[in-house]
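One structure is given here, and the rest of the page talks about it.
Each value in this text was obtained by applying a stated rule to the coordinates, not by laboratory testing. These figures come from a predicted structure and were not determined experimentally. Counting neighbours? That spans all protein chains shown, and the Cβs are built from the backbone with ideal geometry, glycine included.
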Amino acid sequence: MKPLDDAQAAVLGELRKLGTETVELADSVGRVLAEDIEAREAIPPFPNSAMDGYAVQGLDVTEPGAMLKVTGEAAAGSQPGLQVRPGTAVKIMTGAPMPAGADTIVKVEDTERVDDVVKILPAVPEGTSVRSAGSDIPKGSVVFSKGTRLHPTHIGVLATVGAARPPVARRPRVALFSTGDELAAPSTATLRPGQIRDSNRIMLKTMLAEVSTVLDEGIVSDDPVALRGAFGRAVAGSDVIVTSGGVSMGDHDYVRKILGDMGDVDFWKVAIKPAKPFAFGRLSGVPFFGLPGNPVSAFVAFEQLVRPALLAMQGATRVLRPRIRAIAGEKIESDKHRLEFVRVSLELQDRGRLVATPSGGQGSHMLAALAAADGFAVVPVGEDLVKAGQGVDIELFRNPETRSLALG
Ligand code: AMP
Ligand code: MG
């Protein structure tokens with residue numbers, strides 16, 4: 001059996017990076033920057049007020065009760081040009097440029113206005129509530145490095161620095177199909193005896209959509225001719241092929257055999273549980289991931305081997321999910337010979353204590369227990385038991401809202 005690290009390294013060793021394209025900022029969530037992004041200007045570009053209030057000279061407001069003559073008004077979007085001299089103030093709105101001569105802002109709540117005179121109630125330290133040019137982002141600095149995967153927070157910054165069409169890695173085009181004579185479309189109202197609904201394809205499709213462009217090739221039956229045809233079609237126009245089912249030891253598990261006939265196959269027993277059988281290979285140079293058919297196995301194999309690969313092809317610097325530490329809420333049993341991914345739900349208890357409890361049955365067909373989980377307790381090879389109360393590593397595969405607020 002291949003350790004997971006070796007399997008991941010072997011997959012990455014077979015992949016090539018994709019080219020670059022530019023995209024509209026609004027379409028760039030989840031994409032990976034192909035170049036460093038530099039700030040051509042300082043952000044903010046000019047010193048401005050952090051408050052609605054009065055722009056003054058700090059020397060005038062060292063004592064409470066200063067009386068200053070108001071000589072003008074500066075709104076956000078106005079041109080700089082006003083001047084604050086000793087003994088005077090300019091009324092100013094948040095975001096308006098600092099008038100020449102002013103170095104301090106007094107918020108409006110700390111003032112009393114009578115006609116053209118403003119009384120500054122407290123003493124105000126020089127520099128208060130002024131946002132200096134470059135205080136957010138210095139001019140010329142690298143705001144994000146190549147390889148950053150874009151989140152809405154990054155997108156706000158890119159907008160601020162004027163990177164309206166960022167250069168990103170092209171997304172891999174992934175041909176996806178399910179294999180199995182037993183599979184029926186999810187919309188099937190009445191299953192024939194022996195049939196099940198194809199849950200893998202839609203699950204994998206939605207997971208793929210976060211990191212790639214999906215080409216949905218449907219369901220292919222356990223028939224060598226049909227599979228050959230599907231493989232041939234999938235190669236055209238795709239960068240990666242992902243299938244589920246047909247890679248284990250059954251008489252009708254043709255995927256691995258046909259991949260071997262048409263291309264190259266590396267079949268591995270990866271030392272993980274679930275998802276031990278896993279076929280990886282190439283078909284006319286296109287990397288091919290043959291995931292196991294059991295839904296939880298397909299999910300685990302996707303998370304551990306496919307998703308990181310698709311992100312790495314885009315040059316992403318970080319490709320693996322976060323791991324955190326939690327306390328086992330009850331005992332967690334595992335296979336001593338394999339790295340086991342136990343489906344657990346997490347509960348945040350008082351003072352940040354995170355407690356992980358198996359979310360249900362751990363059979364590789366038990367999709368409901370997967371859906372009830374927030375992550376995997378990752379139990380290393382050599383351990384077969386985590387006792388209740390012991391620490392355990394958790395790999396988060398989702399980041400759910402965990403606290404409630406009721407509507408009025
Ligand atoms: P296989 O890997 O083809 O031997 O399938 C292993 C198990 O997973 C069998 O119980 C299959 O019925 C089931 N299975 C295979 N493909 C799917 C699918 N697309 N959706 C749900 N279950 C599947
Ligand atoms: Mg099958």
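Structure above, values below:
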| quantity | calculated |
| --- | --- |
| Reduced Cα scattering model of the stretch 323-396, Debye log10 I(q)/I(0), q = 0.12, 0.14 Å⁻¹ | -0.27, -0.37 |
| DSSP beta bridges in the stretch 323-396 [antiparallel fraction, %, rounded to 5] | 90 |
| Share, in percent, of DSSP beta bridges within the stretch 190-343 that are antiparallel, nearest 5 | 65 |
| Rg over Rh [alpha-carbon atoms, Kirkwood Rh] for the stretch 48-131 | 0.91 |
| Radius 13 Å from Cβ of H252, net charge of other residues (Lys, Arg +1; Asp, Glu -1) | -4 |
| Net charge contributed by nearby residues that have their C-beta within less than 12 Å of D103 (K/R +1, D/E -1) | -2 |
| The chain, relative contact order in percent, only Cα pairs under 8 angstrom and at least six apart counted | 15 |
| Highest-MSF residue in the chain out of K276, K107, K17 [GNM, Cα springs under 10 Å] | K107 |
| Candidate lysines for bridging to K269, where Cα separation is under 20 Å - those fewer than 8 sequence places away on the same chain excluded | K2, K257, K336 |
| 25 °C / 0.890 mPa s Stokes-Einstein diffusion coefficient of the stretch 236-299, Kirkwood radius on C-alpha pairs, µm²/s | 210 |
| Top of A100, A312, A185 by mean-square fluctuation, Gaussian network on the chain, Cα under 10 Å | A100 |
| Per-residue [θ]222 nm for the chain (sum of -39500 (n - 2.57) over DSSP H runs n ≥ 4, rounded to 500) | -4500 deg cm²/dmol |
| Estimated D of the chain in µm² per second, where Rh is the Kirkwood radius over Cα pairs and Stokes-Einstein applies at 4 °C, 1.567 mPa s | 51 |
| Counted charge near A185, where neighbours are those whose Cβ lies closer than 15 Å (Asp, Glu -1; Lys, Arg +1) | -1 |
| Cα-based helix-to-principal-axis angle, 224-235 vs the chain, degrees rounded to 10 | 30 |
| Signed unit charges on C-beta, dipole axis of the chain, positive-most listed residue Q8, T179, V392 | T179 |
| Viscosity 1.002 mPa s, temperature 20 °C, Stokes-Einstein D of the stretch 1-84 from Kirkwood C-alpha radius, µm²/s | 108 |
| Segments 57-70, 40-53 sorted - mean Cβ within 10 Å per residue, highest first | 40-53, 57-70 |
| DSSP-defined beta bridges in the chain - what % are antiparallel, rounded to 5 | 65 |
| Cα-based helix-to-principal-axis angle, 200-209 vs the chain, degrees rounded to 10 | 30 |
